[in-house]
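The values are calculated or read from the model by the stated rules, or taken from the named source; none is laboratory data. Just so it is clear, the structure is predicted and the values come from calculations on it, not from any experiment. Here Cβ is always computed from backbone atoms with ideal geometry, including for glycine, and neighbour counts include all displayed protein chains. To get the accessible areas, we keep the full protein, side chains included, count just its heavy atoms, and leave off ligands, DNA and RNA. Shrake-Rupley method; radii C 1.70, N 1.55, O 1.52, S 1.80 Å.
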Amino acid sequence: MKLGLSIGHSGAHLEVPVALVQRAEELGYDSVWSAEAYGSDAITPLAFLAARTSRIKLGTGIMQLAARTPANAAMSAASIDMMAGGGRFIAGLGVSGPQIVEGWYGQPWGRPYYRVKDYVAIMRKIFKREGPVTHEGREISLPYKGEGSAGLAKPLKSILHMNPDIPIYLATGGETMVKLTAEIADGWLPMGFVPGAMEEYGPWLKEGFRRAGNGKSLKDFTIQASVHVEVDNDVKAALTRLKPEVALYVGGMGHRTKNFHNDVMVRRGFGDAAKRIQELYLAGHKEEAIATVPDEWVDLKSLVGPPARIRERYRAWEDSGADSLSVRSSQPEAIEVMAKAARLI
């Protein structure tokens, strides 16, 4: 199994962990992943890291679709890939949620299935430069001819001769979108992936490959899972430190009626806890919501404890069906422990 390093998005201050990424590259990590929510963007940190690394792949986990047009996403991906020497950029895409899409970006939630399908198709056409780009989509079309159009648009082809094979990964979790991911994407950033999850996801991926109609299978596809890693001799303390983020995402990252993180927790058998965490969080009782997060849930989706425990529990992830595992940690020792667990050292 390959390893990636997830650096996430910023808090109140943006600090790109250059030394940590450089050490990961030295240890043989395959990729580094940035993110965006409604603060720092996912693209800029990777441009910064491209100049300070030489081999490690640069992935967005994720670029939010509403944040930029497919043409702008393709331009950004191709520009960084070329500046980094070629063959290093991975365009990870996702829709985010309606609160961010409409509340932050001022874009309609629309029909995410068709928006993703159109978005990926346009990006691929731009990368390949086989001609001026045209696309008649359900959600996005080029040239634009809708309301407010000047009626003067013309199809264009990228001036930059881009890498035509920049891989596109999709961040999805529900059945319909996972099938679409397997059909049109090069890789998958699965939401809620844990050891044993392929029993649920496997048939969905297989159906998506069938729809692709070109003999596509898991051998042509990358599953890039992610896991929190916290090195600490006190397992309970390590689990406790990870609970605030769980409470935030399960309880408050989304509307009461549409929270993808809450849905995943329910599907994994923690429905009562998910409901209670959301009730407490939305009522403003954040500390109680954090205390309600079960240790078992955090432990299932994380690797915590002393190095020996992490190495032992890593085996389940190695056998999970994922091809690569992004380490979510700011601890230098966690990067080293995982490199040993994955036998990079």
Among the residues of segment 51-67, are any modelled with pLDDT of 95 or more, open to solvent by less than 20 Å² (accessible area, probe 1.4 Å), under 15 Å from the mean Cα position of the chain (by Cα) and more than 19 Å from SER324 (Cβ to Cβ)?
yes
Name the single residue that is farthest from PHE193 (Cα to Cα) among those in segment 135-178 being in contact with an Asp or Glu (Cβ under 8 Å, 6 or more places away or on another chain) and hydroxyl-bearing (Ser, Thr, Tyr).
SER141
Failed condition for SER320, given (1) more than 20 Å from GLY196 (Cα to Cα); (2) in a loop (DSSP other than H, G, I, E, B), with all others met?
(1)
Out of the residues in segment 19-40 meeting the condition of being open to solvent by 20 Å² or more (accessible area, probe 1.4 Å) and assigned to a helix (DSSP H, G or I), tell me which one is farthest from PRO98 (Cα to Cα).
GLU26
Answer yes or no as to whether ILE184 is among the hydrophobic types (A, V, I, L, M, F, W, C), in contact (Cβ under 8 Å) with a residue 24 or more places away in the chain, out of contact with any Ser or Thr (no Cβ under 8 Å at 6 or more places or on another chain) and open to solvent by less than 40 Å² (accessible area, probe 1.4 Å).
yes
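Here is a yes/no grid of residues against (1) open to solvent by less than 30 Å² (accessible area, probe 1.4 Å); (2) in contact with a helix residue (DSSP H, G or I) (Cβ under 9 Å, 6 or more places away or on another chain):
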| position | (1), (2) |
| --- | --- |
| GLY92 | yes, no |
| ILE100 | yes, yes |
| TYR114 | no, no |
| ILE140 | yes, yes |
| LYS145 | no, no |
| LEU160 | no, yes |
| TYR169 | yes, yes |
| THR176 | no, yes |
ALA150 - would you say it is more than 19 Å from ASP220 (Cβ to Cβ), open to solvent by 50 Å² or more (accessible area, probe 1.4 Å) and among the small types (Gly, Ala, Ser)?
yes
Selection status of GLU312, open to solvent by 70 Å² or more (accessible area, probe 1.4 Å), part of a helix (DSSP H, G or I), closer than 22 Å to ILE7 by Cα and modelled with pLDDT of 90 or more:
no
